[in-house]
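In what follows, a single structure is set out as structure tokens and then discussed.
The values are calculated or read from the model by the stated rules, or taken from the named source; none is laboratory data. As the structure is a computational prediction, the values presented were derived from the model and not from experiment. For neighbour counting, all protein chains shown are included, and Cβ atoms are generated from backbone atoms with ideal geometry for every residue, glycine included. Accessible surface areas use protein heavy atoms only, side chains included; no ligands, DNA or RNA. Shrake-Rupley method; radii C 1.70, N 1.55, O 1.52, S 1.80 Å.
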Amino acid sequence: MTDARSLTGELAATFTDVIHEVDTEIGENRTYGEGIGPHDEDDQVDALVNAVRARELFDGTVATAKSDSGAVSYPGGQSADLRIERGSTTEYCEAKLLRFQKANGNPSTRGFSKVFNPFQDHSPRSFIHDVSKLAESDIRARKIYLGLYYRPVDGAGSEIQSSEIAEKFAADVTHWTDHPISVDTVAQFSDLQHEVHQRGAIIVWTLDDQPRRFF
């Protein structure tokens, strides 16, 4: 599924055009190995956005939490991870790593809970609660969610397709919150250099009940 309905989905598709370049250039994250996969979500998103911007692959402006924290802030003293604009359309986006194995290949229980735990509403807040946070915010702009999913090569989860993870998260959000979302984009990648974090997809979901007025 690559035909995006959102600006964020379009941006996600361009991420797969530059991810191998970023994978080579981003360097090693402490002791966790080479490539983009071991880095935290802010660094990954920012590096991908910078690479897309450098190659002029996206028609629009993009601010990230790392590069321009003021631009992603919104009423209530909160902030998103991305703000994407084109013409009269603005999208605020929450991003999360869907990385369920550690760099050594062992299962990451914390990584799973940071995405799917419906009871984890602080320190850190799970992705399910990120959905509610943005959905309930006083923003008259489109509300979008992006996941950087690393599909295991071996072990538990290795047989689960990226599209299945996308649908699983949408179903869990619908079950646990009052803010259903729909899968917008699943842009797959593979053949990255890290032996564990080498394949997956950039996944985008849209909030079903979008604000009626955009400014």
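Quick check: is even one residue across the stretch 79-90 closer than 22 Å to residue 205 by Cβ, outside any helix (DSSP H, G or I), polar (S, T, N, Q) and open to solvent by 40 Å² or more (accessible area, probe 1.4 Å)? Lay out the reasoning, then the answer.
Within the stretch 79-90, the subset closer than 22 Å to residue 205 by Cβ is 79-86, 89-90.
Subsequent filtering for residues that are outside any helix (DSSP H, G or I) retains 79-86, 89-90.
Restricting the remaining residues to those that are polar (S, T, N, Q) gives 79, 89-90.
Adding the requirement that they be open to solvent by 40 Å² or more (accessible area, probe 1.4 Å) leaves 79, 89.
Yes - at least one qualifying residue is present in the stretch 79-90.
Which one of these is farther than 28 Å from residue 199 by Cβ, open to solvent by less than 60 Å² (accessible area, probe 1.4 Å) and assigned to a loop (DSSP other than H, G, I, E, B): 71, 63?
71
If you take the residues of the stretch 165-182 that are under 18 Å from residue 97 (Cβ atoms) and of a type outside the set (Gly, Ala, Ser), which of them is surrounded by the fewest Cβ atoms within 10 Å (Cβ to Cβ)? First the steps, then the outcome.
Residues of the stretch 165-182 under 18 Å from residue 97 (Cβ atoms): 165-166, 168-170, 172-173, 181.
Filter again for of a type outside the set (Gly, Ala, Ser), leaving 165, 168-169, 172-173, 181.
On the way: 165: 22, 168: 13, 169: 24, 172: 18, 173: 26, 181: 24.
Only one residue fits best here, namely 168.
What are the residues in the stretch 145-156 that are open to solvent by less than 10 Å² (accessible area, probe 1.4 Å) and either on the phi > 0 side of the Ramachandran plot or not hydroxyl-bearing (Ser, Thr, Tyr) (or both), if any?
Selection gives 146, 147, 148, 152.
So which of 109, 90 is of a type in the set (Val, Ile, Thr) and over 22 Å from residue 168 (Cβ atoms)? Can you show your working first?
Values: 109 fails: over 22 Å from residue 168 (Cβ atoms).
Step by step, each of 109, 90 is checked, and only 90 is of a type in the set (Val, Ile, Thr) and over 22 Å from residue 168 (Cβ atoms).
Within the stretch 103-144, restricting attention to residues that are of a type in the set (Asp, Glu) and in contact with a strand residue (DSSP E or B) (Cβ under 9 Å, 6 or more places away or on another chain), which residue is least open to solvent (accessible area, probe 1.4 Å)?
Step one: of the stretch 103-144, the residues of a type in the set (Asp, Glu) are 121, 130, 136, 138.
From what is left, the residues that are in contact with a strand residue (DSSP E or B) (Cβ under 9 Å, 6 or more places away or on another chain) are 130, 138.
Details: 130: 8, 138: 101 Å².
Going through the qualifying residues, I end up with 130.
Among (1) over 27 Å from residue 160 (Cα atoms); (2) open to solvent by less than 10 Å² (accessible area, probe 1.4 Å); (3) not acidic (Asp, Glu), where does residue 53 come up short?
(2)
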